Amino acid sequence: MPSPKTPVICALDLGSMNIRVILAEVIDGEPRLLACASRPSLKIKNGDIQVVQVVGEQLLLALQHAEELAHGATADHVYVSISGSGLHTDLANANVYISDAEGVVTAEAMRELQHLLSDHKIPANRELLCVDVCKYFIDNQKEVLNPTDQVAVALSCDGVLVSADQNYVGGVRRLIKENLGREIMRLLPSSRVL
């Protein structure tokens, strides 16, 4: 049973074989597992929902089972892992000049770089799901894993933008809202969850 006033987080994985549900609460910044449940997805093929009604019924059954296992806990926040042909990846890069007086790469410079990557244009019919930095470069030469606190004139990075067709995203949001009565806090591509 979750602690009083502690929000319950629900993670859903809409997979081709199974719909998986994990319920957890966060106590002192650490997740505490409450319950796990799954049901056959039946009508999801290669990540694409084939029959919304059947998937919705299976989703509801999986969530109800998890909530029963968690002694009646109900999900407050829902996060959904998705895959399928509605997902797209685009490569992008971004550059910033280091404004610190000593030329040290700061957390602020890192945030600015991430923001610039996020600002790359994607087609209007897509929703940006996540941005991942693949490589950082100091002064366009030296590749580094974590440039924070290193000395540089410029910092650049290569990244991947993962987006999804708005129709696909809208369909998943409706599926969750109509069958679970909840809004999605965040959609994530299944490759990002692992």
Hey, what's the per residue convex hull volume over the C-alpha atoms of region 1-100, in cubic angstrom? 140 Å³
Run the dipole for region 102-194 about the Cα centre, Lys and Arg Cβ at +1, Asp and Glu Cβ at -1, nothing else charged, and hand back the magnitude in debye, nearest 20. 600 debye
Under a Gaussian network model of the chain whose springs join Cα atoms within less than 10 Å, the largest fluctuation of ALA70, ALA107, ALA94 belongs to ALA107
Charge dipole of the chain about the Cα centre (unit charges at C-beta), most positive-ward option of ALA66, ILE9, ILE44: ILE44
To the nearest 10 degrees, how steeply does helix 52-69 sit against the main Cα axis of the chain, on a 0 to 90 scale? 90 degrees
Of the lysine pairs in the chain, how many meet both conditions: Cα atoms under 28 Å apart, and a spacing of 8 or more in sequence or different chains? 5
Measure nothing fancy, just the Cα-based angle from helix 166-180's long axis to the longest principal axis of the chain, in degrees from 0 to 90, nearest 10. 40 degrees
Size of charge dipole - region 43-177 - debye, nearest 20, with Cβ of Lys, Arg +1 and Asp, Glu -1, no other charges: 640 debye
With a 1.4 Å probe and every protein chain kept in, tell me what percent of the accessible surface of the chain is carbon plus sulfur. 52 percent
Efficiency of FRET from Cβ geometry, VAL151 and ALA124, R₀ 45 Å, rounded to 0.05: 0.65
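Based on DSSP H runs of at least 4 residues, each adding -39500 (n - 2.57), what is the mean residue ellipticity at 222 nm of the chain after dividing by all its residues, to the nearest 500 deg cm²/dmol?
The helix contribution divided over the chain gives -8000 deg cm²/dmol.
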Once a ≥ b ≥ c are taken as the square roots of the eigenvalues of the Cα gyration tensor of region 53-97, is the result rounded (a/c under 1.5), prolate (a/b larger than b/c) or oblate (a/b not larger than b/c)? oblate
Kirkwood-type radius of the chain, with distances r between different C-alpha atoms, in Å: 18.7 Å
The base-10 log of I(q)/I(0) that the Debye equation returns for region 102-159 at q = 0.20, 0.25, 0.28 Å⁻¹, one scatterer per C-alpha, is -0.72, -1.01, -1.19
With Cα coordinates, the longest principal axis of the chain makes an angle with the long axis of helix 107-118, in degrees rounded to 10, of 60 degrees
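The values are calculated or read from the model by the stated rules, or taken from the named source; none is laboratory data. The structure displayed is predicted, hence computed values, not measured ones. Backbone-built Cβ (ideal geometry, glycine too); neighbour counts: all protein chains shown. The protein model used for the area step is the full one, side chains on, heavy atoms only, and it has no ligands, DNA or RNA in it. Shrake-Rupley method; radii C 1.70, N 1.55, O 1.52, S 1.80 Å.
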